[in-house]
Amino acid sequence: QSGHPRNFPLAPFQLGLFSGTCFIVGTIIGSGIFISPKSVLSNMEAVGPCLIIWTMCGVLATLGALCFAELGTMITKSGGEYPYLMEAFGPIPAYLFSWSSLFVIKPSSFAIICLSFSEYVCAPFYPGCNPPQVVVKFLAAAVILLISTVNALSVRLGSYVQNVFTATKMVIVVIIIISGLVLLAQGNTKNFENSFEGASLSMGSISLALYNGLWAYDGWNQLNYITEELKNPSRNLPLAIVIGISLVTGCYILMNVSYFTVMTATELLHSQAVAVTFGDRVLYPASWIVPLFVAFSTIGAANGSCFTAGRLVFVAGREGHMLKVLSYISVKHLTPAPAIIFHSMIAIIYIIPGDINSLVNYFSFAAWLFYGLTITGLIVMRFTRKELKRPIKVPIFIPILVTLLSVFLVLAPIISTPAWEYLYCVLFMLSGLVFYFLFVHYKFGWAQKISKPLTMHLQMLMEVVPPEEAPE
C-alpha cells in the first residue's frame with residue numbers, strides 16, 4: 001500500500017556494493033542509448049566529437065551523483081531534490097521543483113520513453129521510410145494508457161512487469177557490443193578515419209549534444225533514494241556510483257563504436273531507428289531480435305517512470321501541494337490510481353505536439369536547472385549548515401564545477417539558438433507560484449471552495465478514499 005499512513009521502518013543494511021552498482025546500471029540504461037546517438041551526432045556532425053560527448057556525459061553524471069551522495073547522507077529524507085532545496089533555500093524553490101517535476105520533468109520523460117518504444121516498433125513495418133507521425137503518436141498514447149492501467153490496477157503486477165523487462169535490456173546491450181567489436185576486430189574501421197573532420201564545435205551545438213547524451217544517463221541521481229538500505233553507505237555509496245556509472249559509460253561508448261562500425265555518420269543520421277538499422281545489417285535473418293528487445297527495454301523504463309512518478313504525484317497531493325484527491329487510494333486495488341491517471345494524462349498531452357528531440361531538450365533544460373540549483377544548495381549548506389553530519393564529503397571543487405556546468409547547460413542553448421520553448425518552460429515553472437500562494441501558502445477561502453467540490457466529485461467517480469481510510 002504505497003503511501004499508506006501505517007508506515008513500517010525500512011530493514012537496514014540489506015544492500016551491498018554489488019546491489020548498489022546493479023541499481024545504478026539498471027536505473028540508467030533504458031531507452032536513451034537507442035535514441036540519443038542520432039541526436040548527439042546531428043549536433044556534433046562528426047564521429048570523434050560524438051564519442052567525446054558520450055564520455056563527458058559519463059564524467060558529469062558521476063560528479064553530479066557524488067554531490068547527491070553527500071546530500072543524501074547529510075539529509076536522510078525521501079523526496080529527492082525536494083528536501084535538499086527546502087533545507088538550503090526554503091519552501092518556494094522546493095515547491096517549484098515539485099511543481100516542475102509533476103508537470104514538466106516526469107511526464108515529458110514518460111512521453112519520450114513511450115515515443116521511443118513506438119518508433120522502434122513501427123520501424124520494421126515501414127522499411128526505407130519514416131513511419132507516419134500519427135501512427136507513432138497513437139501507439140505511444142496507447143502504451144501510456146496500458147502502462148498506467150497496469151500500475152493503477154495492481155502494485156504487484158507493476159513490479160512484475162518491471163522485473164521482467166529490466167533483465168531484457170542488458171541482453172540487447174551485450175548483443176550490440178559484441179557484434180560491433182567482432183566487426184571492428186575484422187578490420188571495419190573505415191568510418192573512424194578523419195573522425196573530427198567537419199565537426200560543429202559551437203557553444204549551442206555542444207550544449208544540445210550534452211542534453212541528448214545526458215538524457216541517456218538520466219537516473220544517475222537515484223541511488224541516494226535508498227541510502228538507508230545500503231551497507232556502510234559512506235563507503236559503498238560513492239564506490240557504487242563510480243563503478244556503476246563507469247560501467248554504463250563504457251557500455252554507451254562501445255555501443256556507439258558498434259553503430260559507427262556498421263554505419264557511416266550520414267547513414268546513422270538518416271536511420272529512423274539506429275539499433276534496428278544495426279540489426280538489419282549485422283544480425284540478418286535474426287534482426288527481429290533488436291526491435292523486440294529494444295521494445296522490452298523501453299517498456300521497462302516506461303513502467304518504472306510511471307511507477308515512481310505516480311508516487312511523486314501522490315506524495316505532493318498528500319502534502320497539500322496538489323489537489324487532495326491525488327493523494328487518494330483506490331478502494332478495490334489499493335493503488336494511488338488518481339495520481340497515476342493524472343500523470344498519464346499530462347504525458348499524453350506532451351505527445352500530441354512534440355517530437356522526441358524537442359521533448360528531450362525541454363526535459364533536460366528543466367531538469368538541469370534544478371540539478372544545478374540543488375548542487376548550489378550543497379555549496380550554500382557548507383557555510384550555513386555546518387552542524388549537519390556529512391558521512392560523505394566531496395571536495396568543494398566538485399560541486400562548484402558541476403554548478404558551473406549546469407549553468408552552461410541551461411544558458412548555452414538559449415544564448416546560441418534561442419527558442420520560444422525555453423521561455424515557455426520557465427514561465428510555466430514560475431506559474432507554479434500562483435498555485436502555491438492561492439492553495440498552499442495563504443489558502444484563500446474561495447480557492448478552497450473551488451477545489452473541494454471537484455475533489456468530492458472525483459472521489460465518487462473513481463471510488464477512491466484518503467490513505468487513512470484505506471482498508472488493511
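The values are calculated or read from the model by the stated rules, or taken from the named source; none is laboratory data. Because the structure is a prediction, the values reported are computed rather than measured. All Cβ positions, glycine included, derive from the backbone under ideal geometry; neighbour counts span all protein chains shown. Accessible surface is based on the protein model in full, side chains and every heavy atom, while ligands, DNA and RNA are left aside. Shrake-Rupley method; radii C 1.70, N 1.55, O 1.52, S 1.80 Å.
Between SER431 and LEU145, what is the FRET efficiency for a Förster distance of 35 Å, r being their Cβ-Cβ separation, to the nearest 0.05? Walk me through the numbers on the way to the answer.
Numbers: r = 27 Å, r/R0 = 0.78.
In this case the efficiency is close to 0.80.
Please give the contour-minus-distance gain from LEU201 to LEU239: 0.36 nm per residue of separation, less the Cα-Cα distance, rounded to one decimal in nm. Let's see the in-between values first.
On the way: separation 38, 0.36 × 38 = 13.68 nm, distance 3.36 nm.
Length gained between LEU201 and LEU239: 10.3 nm.
Would you kindly state how much longer the chain becomes between LEU269 and LYS231 on full extension, computed as 0.36 nm times their sequence separation minus their alpha carbon distance, in nm to one decimal?
9.2 nm
Over all distinct alpha-carbon pairs, what is the Kirkwood Rh of segment 117-226 in angstrom? Provide the component values of the computation, followed by the final result.
Details: mean 1/r = 0.0538 Å⁻¹.
Answer for segment 117-226: a Kirkwood hydrodynamic radius of 18.6 Å.
Largest first, what is the accessible-area ranking of TYR350, TYR424 with a 1.4 Å probe?
These residues rank, largest area first, as TYR424, TYR350.
Ranked from the most accessible area to the least, with a 1.4 Å probe and all protein chains present, what is the order of ASP355, ASP218?
ASP355, ASP218
Quick check on my link table: of LYS38/LYS137; LYS169/LYS190; LYS169/LYS332; LYS231/LYS393; LYS77/LYS106, which ones sit more than 25 Å apart, alpha carbon to alpha carbon?
LYS169/LYS190; LYS169/LYS332
ILE329's amide H: which non-local residues (gap 5+, or another chain) put their own amide H closer than 5 Å, with H modeled 1.01 Å from N in plane and none for Pro or chain starts?
VAL465
Given a Förster distance of 45 angstrom, what is the FRET efficiency for ILE400 paired with ASN188, based on the Cβ-Cβ distance and rounded to 0.05? If you can, show how the numbers build up before the last one.
Numbers: r = 43 Å, r/R0 = 0.96.
Given R0 = 45 Å and the Cβ-Cβ separation, E is 0.55.
Go through GLU119, GLU70, GLU45 and list them by solvent-accessible area, largest first, probe radius 1.4 Å.
Values: GLU119 35, GLU70 0, GLU45 105 Å².
Ranked list, largest accessible area first: GLU45, GLU119, GLU70.
Net charge within 10 Å of TYR259 by Cβ-Cβ distance, Lys/Arg positive one each and Asp/Glu negative one each, not counting TYR259 itself?
My count for the surroundings of TYR259 gives 0.
Using a probe radius of 1.4 Å on heavy atoms only, what accessible surface per residue do you get for segment 42-162? Whole Å² is fine.
On the way: 4200 Å² over 121 residues.
Each residue of segment 42-162 exposes 35 Å² on average to a 1.4 Å probe.
Suppose all protein chains stay in the model; what accessible area per residue would a 1.4 Å probe give for segment 229-299, in Å²?
For segment 229-299, the per-residue accessible area is 38 Å².
Cα centroids of segment 193-264 and segment 268-293: how far apart, whole angstrom?
Rounded to whole Å, the Cα centres lie 22 Å apart.
Where Lys and Arg each count +1 and Asp and Glu each count -1, what net charge lies around ASN361 among other residues with Cβ under 11 Å from its Cβ?
-2
Mind giving me the nanometre distance, one decimal, between the label points for ILE178 and ILE289, set 7 Å out from Cα along Cα→Cβ?
About 0.7 nm separates the two model spin labels.
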